[in-house]
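Asks: Have a look at this one.
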Amino acid sequence: MGRGARGAGPTSRLLPLLLLLRLARGAAGETGADGLDVCATCHEHATCQQREGKSICICNYGFVGNGRTQCIDKNECQFGATVVCGNHTSCHNTPGGFYCICLEGYRATNNNKTFIPNDGTFCTDIDECEVSGLCRHGGRCVNTPGSFECYCMDGYLPRNGSEPFYPTTDATSCTEINCGNPPEMRHAILVENHSSRVGGVARYVCQEGFESPGGKITSVCTEKGTWRESTLTCTEILTKINDVSVFNDTCVRWQMNSERRNSKTVYVISIKGQRLDPIESVHEETVKLTTDSRTPEVCLALYPGTNYTMHISIAPPRHSVPAVIGFQTAEDDILEDDGTFNISIFNETCLKLNRHSRKIGSEHMYQFTVLGQRWYLDNFSHATSFNFTTRERVPVVCLNLYPTTDYTVNVSLLRSPKPHSVQITIATPPTEPPLPEVEFFTVHGGPLPPLRLRKAREKNGPISSYQVLVLPLALQSAFSCDSEGASSFFSNTSDADGYVAAELLAKDVPDDAMEIPIGDRLYYGQYYNAPLKTGKDYCIILRITSEWNKVRRHSCAVWAQVKGKIIFRLRMLFFFLLCSLKFTLMRSVFKIVTGDQNPIHTTLSKKLYS
């Protein structure tokens, strides 16, 4: 036993020491096979963890490797941004992690610049069109996925580029459509054009001698900035001359099919005669006839025993389908001059004499006695007489006659074995009446004085009536005094039309003068004297009308120009300045009341209260 105790003595003494050393090592860290501490060998991107009673090194999230010698960054973006971050994104890898960014034109639903979609965050489209004025003046914004496009609104066209455009990169801008001047229409006159913007309508009327069977002719300003021309055109009015017949051997009548009423027409009658007489074998002549009759007739100075061809047409600018007729005049058995002749009116003041004799070359003297009387003037008469000598068989004599006068002309053949006289009546047309005697005014928004109407002298014809016309100032240069189209105020189709404000018969105008206040809301004749509208520009015209034998003549004078737009703008400016001054003074008073003792404010307040 002693030997056993001795043999175990040293060993038994070392066992507790070894046990303590093992416990101390276990407290400091578990050693590996090589005797090193496992946790002390972990990689910088690894963490030491206890698994089943053992210490092991595990790479941190976002890294891959054995945890001790290798922990490599894991690229989460390698599978693509759409898979990792979602649609409309870009993926950005970081050491041990990643983050997502929405593409341009999109934003994250968490309203942050970057995100990790582990909380359900995704990218949604940004509506850039919520920003007003993004497409500049006249532009219209259209949102698209991730972006936007600009187009021009209705009534605008792109300039310096095309559509769609982007204001940050393109120089394209939208300009308001203006078609400019309307196109010219053949054989038509532009009568109305209120606007050259989109939808503006220009209206035309056909010229004299033309018509539009399809209706009114218009041209519209289109969205392309051009005028769309009308498919209708002005076609020529062809007047047919029908049923031409000869009566009394030298007279011709016919019928006209024109639908025009009470309009005078000028006819051209061309005659050509051929006879066997060796002295005068050919007779050619052209005669003009002015009449408003629908069955005109004319008697001509024709040679007896002659084959005639007659051509009847209407004088330009009107056109017609001419009529042609052939006939033969009767033989005349008078070989010597028997002193007989007839007279026809060649034009308004000229007479044509036609001797019935075949004897050519002899000289004849005619005596003219002219007596004229104006029916509307008791103290006016015109009398004259003279002799006229000629060798012509068909002479033309023009008389110096006064206008608007009824004449009786007696013509006698002198020094003839058989005296012969012929009498004819002539009514001369009136000329333009005298210009109205008015004092011209220009009014800039102030009160308009009454129109002082003076009675005009009846020099060249009877004065029938006086009219006061109110026109837009822009129409003054285009106004024709002879225009019969002016209507009453209540017949206007728009503010741009002129109207008759007053009409007085000449017999109702006193000899001295009378005053007419413009816009007094009274009726003068059948016309309403409407008040002028504020802010509008007007031209006021006085017109005198002379009518005699259904012939009307006019004379006009501009009495006043009313320019209301300038004064209207000045009033608005004055009102704005007055309001600004009032506001400044009130603010100064408020500062004084609240304790602001600025010397300037104090002075203003004293002046205000005084």
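Asks: Given the conditions (1) of a type outside the set (D, E, K, R); (2) open to solvent by 20 Å² or more (accessible area, probe 1.4 Å); (3) within 16 Å of CYS539 (Cα to Cα), which single one is not true for TYR523?
Replies: All conditions are met except number (3).
Asks: Looking at ALA530, ALA501, which one is part of a strand (DSSP E or B), open to solvent by less than 20 Å² (accessible area, probe 1.4 Å) and out of contact with any Ser or Thr (no Cβ under 7 Å at 6 or more places or on another chain)? Don't jump to the end; show me each part of the working.
Replies: Working: ALA530 fails: part of a strand (DSSP E or B).
Just a single option satisfies the conditions, and that option is ALA501.
Asks: Continuing with the same structure: For SER477, indicate whether it is open to solvent by less than 50 Å² (accessible area, probe 1.4 Å) and either within 25 Å of THR431 (Cβ to Cβ) or assigned to a strand (DSSP E or B) (or both).
Replies: On the way: open to solvent by less than 50 Å² (accessible area, probe 1.4 Å): no; either within 25 Å of THR431 (Cβ to Cβ) or assigned to a strand (DSSP E or B) (or both): yes.
Here the answer is no, as SER477 does not meet what is asked.
Asks: Select from the stretch 172-189 the residues that are touching a residue at least 40 places away in the same chain (Cβ under 8 Å) and open to solvent by 80 Å² or more (accessible area, probe 1.4 Å) and write down the one among them that is nearest to the chain's Cα centre (by Cα). Steps first, answer last, please.
Replies: Kept after step one, since they are touching a residue at least 40 places away in the same chain (Cβ under 8 Å), are these residues of the stretch 172-189: 177-179, 182-183, 185-188.
Filter once more, keeping what is open to solvent by 80 Å² or more (accessible area, probe 1.4 Å): 178, 186.
Working: ASN178: 9, ARG186: 19 Å.
Among them, the one singled out is ASN178.
Asks: Follow-up. Go through the residues of the stretch 195-202 one by one and say whether even a single one is open to solvent by less than 50 Å² (accessible area, probe 1.4 Å) and over 25 Å from GLY498 (Cβ atoms).
Replies: No, the stretch 195-202 has no match at all.
Asks: Kindly indicate whether any position in the stretch 396-405 is modelled with pLDDT of 85 or more, farther than 28 Å from ILE463 by Cβ and open to solvent by 20 Å² or more (accessible area, probe 1.4 Å).
Replies: For the stretch 396-405, residues modelled with pLDDT of 85 or more, farther than 28 Å from ILE463 by Cβ and open to solvent by 20 Å² or more (accessible area, probe 1.4 Å): present.
Asks: Is it the case that THR425 is under 24 Å from LYS550 (Cβ atoms), exposed (fewer than 13 other Cβ atoms within 10 Å of the Cβ) and at pLDDT 85 or above? Let's see the steps before the verdict.
Replies: Working: under 24 Å from LYS550 (Cβ atoms): yes; exposed (fewer than 13 other Cβ atoms within 10 Å of the Cβ): yes; at pLDDT 85 or above: yes.
Yes: the conditions hold for THR425.
Asks: Which ranges mark the strands (runs of 3 or more DSSP E) fully within the stretch 231-324 that have 2 or more residues being modelled with pLDDT of 85 or more?
Replies: Details: elements: 238-247, 251-256, 265-274, 282-291, 297-299, 307-314, 319-321.
Output list reads 238-247, 251-256, 265-274, 282-291, 297-299, 307-314.
Asks: As an exercise: evaluate GLU163 against (1) over 30 Å from TRP227 (Cβ atoms); (2) in contact (Cβ under 8 Å) with a residue 12 or more places away in the chain; (3) of a type in the set (Asp, Glu) and give the number of the one condition it does not meet.
Replies: Among (1) over 30 Å from TRP227 (Cβ atoms); (2) in contact (Cβ under 8 Å) with a residue 12 or more places away in the chain; (3) of a type in the set (Asp, Glu), the lone unmet condition for GLU163 is (1).
Asks: Take the stretch 215-230 and flag every residue that is open to solvent by less than 60 Å² (accessible area, probe 1.4 Å) and either part of a loop (DSSP other than H, G, I, E, B) or touching an Asp or Glu at 6+ places or on another chain (Cβ under 8 Å) (or both). Break it down into steps so the answer makes sense when it comes.
Replies: Going residue by residue through the stretch 215-230, those that are open to solvent by less than 60 Å² (accessible area, probe 1.4 Å) are 215, 217-222, 225, 227, 230.
Result: GLY215, SER219, THR222, GLY225, SER230.
Asks: Within the stretch 153-171, how many residues are in contact with a Lys or Arg (Cβ under 7 Å, 6 or more places away or on another chain) and open to solvent by less than 50 Å² (accessible area, probe 1.4 Å)? It would help to see each step written out before you state the result.
Replies: So in the stretch 153-171, the residues in contact with a Lys or Arg (Cβ under 7 Å, 6 or more places away or on another chain) come out as 153, 155, 167.
With the extra rule that they be open to solvent by less than 50 Å² (accessible area, probe 1.4 Å), the set shrinks to 155, 167.
The number of residues fulfilling the criteria is 2.
Asks: If you don't mind, there's one more thing I want to ask. Which residues, taken from the stretch 99-132, are acidic (Asp, Glu) and either in contact with an Asp or Glu (Cβ under 9 Å, 6 or more places away or on another chain) or open to solvent by 40 Å² or more (accessible area, probe 1.4 Å) (or both)?
Replies: GLU104, ASP119, ASP125, ASP127, GLU130 - these are the residues of the stretch 99-132 that are acidic (Asp, Glu) and either in contact with an Asp or Glu (Cβ under 9 Å, 6 or more places away or on another chain) or open to solvent by 40 Å² or more (accessible area, probe 1.4 Å) (or both).
Asks: Here's a follow-up. Please work out which one of (1) open to solvent by less than 30 Å² (accessible area, probe 1.4 Å); (2) out of contact with any strand residue (DSSP E or B) (no Cβ under 7 Å at 6 or more places or on another chain) is the condition GLY96 fails and give its number.
Replies: Answer for GLY96: the failing condition is (2).
Asks: Given the structure, is SER465 outside any loop (DSSP other than H, G, I, E, B), more than 22 Å from PHE441 (Cβ to Cβ) and modelled with pLDDT of 90 or more? Please lay out each step first, then the result.
Replies: Details: outside any loop (DSSP other than H, G, I, E, B): yes; more than 22 Å from PHE441 (Cβ to Cβ): yes; modelled with pLDDT of 90 or more: yes.
In short, yes.
Asks: With the condition kept exactly as written, say whether any residue in the stretch 71-83 is in a loop (DSSP other than H, G, I, E, B) and buried (at least 16 other Cβ atoms within 10 Å of the Cβ).
Replies: Filtering the stretch 71-83 for residues in a loop (DSSP other than H, G, I, E, B) gives 71, 74-75, 80.
Next cut, buried (at least 16 other Cβ atoms within 10 Å of the Cβ) only: 71, 74.
There is at least one residue in the stretch 71-83 that is in a loop (DSSP other than H, G, I, E, B) and buried (at least 16 other Cβ atoms within 10 Å of the Cβ).
Asks: Additional query: Just to be sure, is HIS92 part of a loop (DSSP other than H, G, I, E, B) and either at pLDDT 85 or above or not hydrophobic (A, V, I, L, M, F, W, C) (or both)? Give the steps one after another, and end with the answer.
Replies: Numbers: part of a loop (DSSP other than H, G, I, E, B): no; either at pLDDT 85 or above or not hydrophobic (A, V, I, L, M, F, W, C) (or both): yes.
Spelling it out, it is not the case that HIS92 is part of a loop (DSSP other than H, G, I, E, B) and either at pLDDT 85 or above or not hydrophobic (A, V, I, L, M, F, W, C) (or both).
Asks: Now, a different point. Quick check on my filter: what residues within the stretch 49-68 are touching a His at 6+ places or on another chain (Cβ under 7 Å) and either closer than 30 Å to CYS123 by Cα or not in a strand (DSSP E or B) (or both)?
Replies: Going through the stretch 49-68, the residues touching a His at 6+ places or on another chain (Cβ under 7 Å) turn out to be 57, 59-60, 63, 65, 67-68.
Within the stretch 49-68, ASN60, PHE63, GLY65, GLY67, ARG68 meet the criteria.
Asks: Ok, one more. Identify, by number, the condition in (1) surrounded by 13 or more Cβ atoms within 10 Å (Cβ to Cβ); (2) over 30 Å from ARG203 (Cα atoms); (3) modelled with pLDDT of 85 or more that SER416 doesn't meet.
Replies: Going through (1) surrounded by 13 or more Cβ atoms within 10 Å (Cβ to Cβ); (2) over 30 Å from ARG203 (Cα atoms); (3) modelled with pLDDT of 85 or more one by one, SER416 breaks only (3).
The values are calculated or read from the model by the stated rules, or taken from the named source; none is laboratory data. Here the structure is a predicted model, which is why all the values come from computation and not from measurement. Positions of Cβ are backbone-derived with ideal geometry, glycine not excepted, and every protein chain shown enters the neighbour counts. SASA here: full protein model, heavy atoms, side chains in, ligands and nucleic acids out. Shrake-Rupley method; radii C 1.70, N 1.55, O 1.52, S 1.80 Å.
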